[in-house]
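Asker: Can you keep this structure in mind? I'll have questions shortly.
The values are calculated or read from the model by the stated rules, or taken from the named source; none is laboratory data. In this text the structure is predicted, and so the values were computed from the model without any measurement. Neighbour counts run over all protein chains shown; Cβ positions are idealised from the backbone, glycine included.
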Amino acid sequence: MKIFGGVPLRGEVAISGAKNLALPALAATLLTEDLCTLRNIPDLSDIASMLDLLNHLGMSIDRCGPNSISLRSSVIKSITAPYDFVRKMRASILVLGPLVARCRKASVSLPGGCAIGARGVNLHIKALELMGADIAIENGYINASAPNGLFGCNINFPISTVTGTENILMAAVLANGTTRIINAAMEPEVAAFADLLIQMGAKIDGHGGSIITIEGVDSLHGTDFTILPDRIEAGTYAIAAAITNGRIILRNCKYNHLMQFFETLRLSGIESKVITKTSENLDDVEVYRAEDIRPVDVQTAPYPGFATDLQAQFTTLMTICNGTSSITENIFENRFMHVPELARMGANISIHGRTAIVTGRKQLIGTQVMATDLRASVSLVLAGLMANGKTVVNRLYHIDRGYENVDQKLLACNAKIERFTV
């Protein structure tokens with residue numbers, strides 16, 4: 001992507017469906033033979049990868065309208081998720097729970113995805129073992145078997161894990177007896193995912209909190225479910241407005257899912273306000289810079305704390321703050337790979353363990369940079385939008401994993417960008 005910076009962004013951005021809900025929702029359709037329709041599915045390469053995997057497993061998939069997909073797995077033809085599918089995306093591990101729950105066995109390749117640190121699947125494996133599954137790691141595959149089915153139990157996660165919570169939710173809804181997930185992830189996408197399973201006939205209580213109780217049922221049925229808006233995308237475009245000294249209206253987002261983030265922006269001199277509530281109980285939010293950007297110290301944390309998926313973008317904003325800020329990454333140990341690329345643009349950042357010390361300067365300078373992961377890629381686009389001169393962001397395929405039509409949305413807000421292939 002070629003970006004000519006220094007243009008204040010002004011306009012509206014329609015927020016797409018949440019990737020981090022759409023992916024487990026797609027996997028959940030493996031739990032029933034019935035037809036499931038999912039709406040507001042974002043057009044992303046990660047979604048395409050999940051659909052390819054589900055098709056391999058025997059899923060019948062049809063597009064039934066803009067961003068809507070109908071899926072039916074009348075018969076699961078394969079219980080193996082091969083490496084060629086799983087290596088592209090870590091979320092592929094989400095087929096493990098439903099396959100073991102429904103088919104009583106599964107063979108899933110160890111996953112790939114962004115290189116932002118160790119995100120082992122040991123928590124998923126240990127939880128399934130507690131539920132009665134026999135699991136062996138062989139030749140890079142997780143081979144799980146539960147010939148007598150899974151059994152409810154207490155599962156106490158030592159750390160909060162989003163995909164771990166979602167995988168065990170899917171395993172538990174068809175298990176015998178009651179399962180309690182303790183220290184469950186509390187992200188809005190997890191709560192909405194539990195709502196989807198409830199619509200399919202699951203018995204779940206406590207979702208949205210740290211303890212979730214699941215009473216196993218014999219079977220689930222189909223449903224029609226709409227994916228909630230992507231809070232990470234909304235936060236990213238909010239920073240785009242702030243970093244370019246522009247004004248953007250975020251259409252159809254959930255303000256209350258970003259309370260901590262918007263409060264942090266307020267402390268840095270960025271205003272946000274709900275201007276409209278839609279009939280679907282969504283918000284239109286206006287974001288603009290009220291004054292010079294002030295430094296704010298941030299520590300990432302599980303929801304409702306500051307999201308790790310917005311850390312790279314906020315770090316980029318702090319590169320032009322009036323002072324020095326500290327950004328501490330508590331979730332992933334290797335999530336500062338955007339920092340050397342920002343330094344190429346003139347950013348003054350030093351890394352001390354899990355903390356980045358950012359001393360702001362008036363403006364960055366455009367140059368060639370290379371994306372290393374999903375959120376790092378969009379942080380470099382944000383830097384380019386604000387920088388003096390031309391920025392070229394290479395390896396843009398990372399951004400396509402999590403941002404739908406990012407170039408078109410930015411162009412609609414007057415950005416001077418051009419996407420090209422070399």
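Asker: Being at pLDDT 95 or above, within 30 Å of N388 (Cα to Cα) and touching a Cys at 6+ places or on another chain (Cβ under 6 Å) is the requirement here; does G5 meet it?
Answerer: no
Asker: Do any strands (runs of 3 or more DSSP E) entirely within segment 290-404 hold 2 or more residues that are surrounded by fewer than 24 Cβ atoms within 10 Å (Cβ to Cβ) and in contact (Cβ under 8 Å) with a residue 40 or more places away in the chain, and if so, which?
Answerer: 390-394
Asker: Can you tell me which condition T179 does not meet? The list is (1) under 20 Å from A81 (Cα atoms); (2) assigned to a strand (DSSP E or B); (3) of a type in the set (S, T, Y), and all the others hold.
Answerer: It fails just one condition, (1).
Residue-wise test of (1) among the charged types (D, E, K, R); (2) in contact (Cβ under 8 Å) with a residue 40 or more places away in the chain; (3) in a helix (DSSP H, G or I).
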| site | (1), (2), (3) |
| --- | --- |
| E129 | yes, no, yes |
| I159 | no, no, no |
| T165 | no, yes, yes |
| I168 | no, yes, yes |
| E189 | yes, yes, yes |
| F193 | no, yes, yes |
| I198 | no, no, yes |
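Asker: Answer yes if at least one residue in segment 393-401 is basic (K, R) and either in the same structural domain as I159 (by TED's automatic domain parsing) or on the phi > 0 side of the Ramachandran plot (or both), and no otherwise.
Answerer: Yes: segment 393-401 contains one or more residues that are basic (K, R) and either in the same structural domain as I159 (by TED's automatic domain parsing) or on the phi > 0 side of the Ramachandran plot (or both).
Asker: Evaluate the following for I212: is it assigned to a strand (DSSP E or B), out of contact with any Phe, Trp or Tyr (no Cβ under 9 Å at 6 or more places or on another chain) and crowded, with 18+ Cβ neighbours inside 10 Å?
Answerer: Yes; evaluated as a whole, the condition is true for this residue.
Asker: So, in segment 1-24, exactly how many residues are closer than 14 Å to L250 by Cβ and either polar (S, T, N, Q) or without any contact (Cβ under 8 Å) to a residue 60 or more places away in the chain (or both)?
Answerer: Summing the residues that are closer than 14 Å to L250 by Cβ and either polar (S, T, N, Q) or without any contact (Cβ under 8 Å) to a residue 60 or more places away in the chain (or both) in segment 1-24 gives 1.
Here's the yes/no breakdown for (1) among the basic types (K, R); (2) touching a strand residue (DSSP E or B) at 6+ places or on another chain (Cβ under 6 Å); (3) assigned by TED's automatic domain parsing to the domain that holds R289:
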residue	(1), (2), (3)
I155	no, yes, no
G216	no, yes, no
I239	no, no, yes
C253	no, yes, yes
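Asker: Within segment 265-289, how many residues are under 27 Å from P42 (Cα atoms), outside any loop (DSSP other than H, G, I, E, B) and modelled with pLDDT of 95 or more?
Answerer: Summing the residues that are under 27 Å from P42 (Cα atoms), outside any loop (DSSP other than H, G, I, E, B) and modelled with pLDDT of 95 or more in segment 265-289 gives 11.
Asker: Answer yes or no as to whether S219 is surrounded by fewer than 16 Cβ atoms within 10 Å (Cβ to Cβ), of a type in the set (S, T, N, Q) and within 30 Å of R354 (Cβ to Cβ).
Answerer: Answer is no for this residue.
Asker: If you don't mind, another one. Quick one: I239 ticks every box in (1) assigned to a strand (DSSP E or B); (2) under 21 Å from N20 (Cβ atoms); (3) in contact with a helix residue (DSSP H, G or I) (Cβ under 7 Å, 6 or more places away or on another chain) except a single one, so which number is it?
Answerer: It fails just one condition, (1).
Asker: All but one of (1) surrounded by fewer than 17 Cβ atoms within 10 Å (Cβ to Cβ); (2) of a type in the set (G, A, S); (3) modelled with pLDDT of 95 or more; (4) farther than 19 Å from S219 by Cα hold for S107; state the number of the condition that does not hold.
Answerer: Going through the list (1) surrounded by fewer than 17 Cβ atoms within 10 Å (Cβ to Cβ); (2) of a type in the set (G, A, S); (3) modelled with pLDDT of 95 or more; (4) farther than 19 Å from S219 by Cα, S107 breaks only (1).
Asker: Enumerate the pairs (first residue in segment 131-142 and surrounded by fewer than 18 Cβ atoms within 10 Å (Cβ to Cβ); second residue anywhere and in a strand (DSSP E or B) and among the hydroxyl-bearing types (S, T, Y)) with beta-carbon separation below 7 Å, excluding pairs fewer than 6 apart on the same chain, so at least 6 apart or on different chains.
Answerer: D134/S145; G140/S109
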